Amino acid sequence: MPNDVLKIADREFHSRLIVGTGKYRSFQEMARAHEATGAEIVTVAVRRVNLTDKSKESLLDYIDRSKFFILPNTAGCYSADDAVRTARLAREVGLSNWIKLEVIGDEKTLFPDNFELVKATETLVKEGFVVMPYTNDDLISARRLIDAGAAAVMPLGAPIGSGLGIQNPANIRILREMITGVPLILDAGVGTASDAAIAMELGADAVLMNTGIALAQDAVLMAEAMKHAMIAGRQAYLAGRMTKKLYASASSPLEGVVR
């Protein structure tokens, strides 16, 4: 579907799959998996990557920036101030003025602190960042982030790294119905290809995933499966599913059949 583009801020992308860089067995495996996804956006944790010491290996050496757009993220930040400093660092070292904004509120669940998230969004937007915040699957939080200037909202499907799939599909449906003007990107919880397809069938504009690919027994094969699932889910959403019925309905209608 060449005309079905994902638009975020002033950029357009043809792939609706966004991938991460953590937990792979090697940088080489990560690079092969990225290629297999067909993704165009790769997110990188600013605080967990070597940005300054050119004598040491960095995962950035294994991301072809002619093929992939780098989306820095503020993983590991627990306050608005910390996240803002991390975003500024990413811009200063030349990664991007785009930021996937994470402000974590609980160390065990890695649920976001939405109050601090809105504060950080307001600050970064004023400084010219394109802000894509990771948030709960909550309509009110999403609206506040949009009011603060977020270029997208990224609700979780399940806790980060859990692989549980979408735990509250009704919430995603509500967000899809009520959120307009910015992309709705499902972030966290995808464990296998069917999870990605369901997210897209629910109307997500894109899906960000990492662990579901990186920790698969064959990461490259799973990456390819995710690519196909995203396409199938998007096509199904655009096609419009049939109405569910309680009772059977013959595939071959009986009207006009001579008995």
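A few comments on the model shown:
- Leu246 being surrounded by fewer than 18 Cβ atoms within 10 Å (Cβ to Cβ) and under 22 Å from Tyr24 (Cα atoms): no
- Residues in the stretch 151-186 that are among the β-branched types (Val, Ile, Thr) and open to solvent by 10 Å² or more (accessible area, probe 1.4 Å): Ile160, Ile166, Ile174, Thr180, Val182.
- Restricting the stretch 205-233 to residues that are closer than 17 Å to Leu175 by Cβ and in contact (Cβ under 8 Å) with a residue 40 or more places away in the chain, the residue that is surrounded by the fewest Cβ atoms within 10 Å (Cβ to Cβ): Asp205
- Sole residue being under 21 Å from the mean Cα position of the chain (by Cα), hydroxyl-bearing (Ser, Thr, Tyr) and within 20 Å of Met209 (Cα to Cα), chosen from Thr86, Thr37: Thr37
Each row is one residue, and each column tells you yes or no for (1) in contact with a helix residue (DSSP H, G or I) (Cβ under 8 Å, 6 or more places away or on another chain); (2) without any contact (Cβ under 8 Å) to a residue 40 or more places away in the chain; (3) among the aromatic types (Phe, Trp, Tyr).
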position: Ala36; (1), (2), (3): yes, no, no
position: Ser58; (1), (2), (3): no, yes, no
position: Ser66; (1), (2), (3): no, yes, no
position: Val93; (1), (2), (3): no, no, no
position: Thr121; (1), (2), (3): yes, yes, no
position: Val125; (1), (2), (3): no, yes, no
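- Top-ranked residue in the stretch 167-201 [being part of a loop (DSSP other than H, G, I, E, B) and out of contact with any strand residue (DSSP E or B) (no Cβ under 8 Å at 6 or more places or on another chain); ranked as farthest from Arg144 (Cα to Cα)]: Thr192
- Where Gln28 falls short, out of the listed (1) surrounded by 12 or more Cβ atoms within 10 Å (Cβ to Cβ); (2) more than 24 Å from Cys77 (Cα to Cα): (1)
- For the stretch 152-166, the candidate set comprises residues that are farther than 8 Å from Gly189 by Cβ and part of a loop (DSSP other than H, G, I, E, B); within that set, the residue that is farthest from the chain's Cα centre (by Cα) is Gly161.
Conditions (1) of a type in the set (Ser, Thr, Tyr); (2) open to solvent by less than 50 Å² (accessible area, probe 1.4 Å); (3) touching a helix residue (DSSP H, G or I) at 6+ places or on another chain (Cβ under 8 Å); (4) within 23 Å of Leu186 (Cα to Cα), marked per residue:
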residue: Ile8; (1), (2), (3), (4): no, yes, no, yes
residue: Arg11; (1), (2), (3), (4): no, no, no, yes
residue: Gly20; (1), (2), (3), (4): no, yes, yes, yes
residue: Thr43; (1), (2), (3), (4): yes, yes, no, yes
residue: Ser55; (1), (2), (3), (4): yes, no, no, no
residue: Pro72; (1), (2), (3), (4): no, yes, yes, yes
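- Top-ranked residue of the stretch 79-136 - restricted to ones that are within 15 Å of Ala148 (Cα to Cα) and of a type in the set (S, T, N, Q), ranked as most open to solvent (accessible area, probe 1.4 Å): Thr123
- Lone unmet requirement of (1) modelled with pLDDT of 95 or more; (2) closer than 12 Å to Asp137 by Cβ; (3) in contact with a Lys or Arg (Cβ under 9 Å, 6 or more places away or on another chain) for Ile179: (1)
- Of the residues making up the stretch 89-112, just one is among the β-branched types (Val, Ile, Thr), within 23 Å of Glu40 (Cα to Cα) and within 18 Å of the chain's Cα centre (by Cα), namely Ile99.
The values are calculated or read from the model by the stated rules, or taken from the named source; none is laboratory data. This is a predicted model, so every value here is computed, not measured. Neighbour counts run over all protein chains shown; Cβ positions are idealised from the backbone, glycine included. For accessibility, only protein heavy atoms count, side chains too; no ligands or nucleic acids. Shrake-Rupley method; radii C 1.70, N 1.55, O 1.52, S 1.80 Å.
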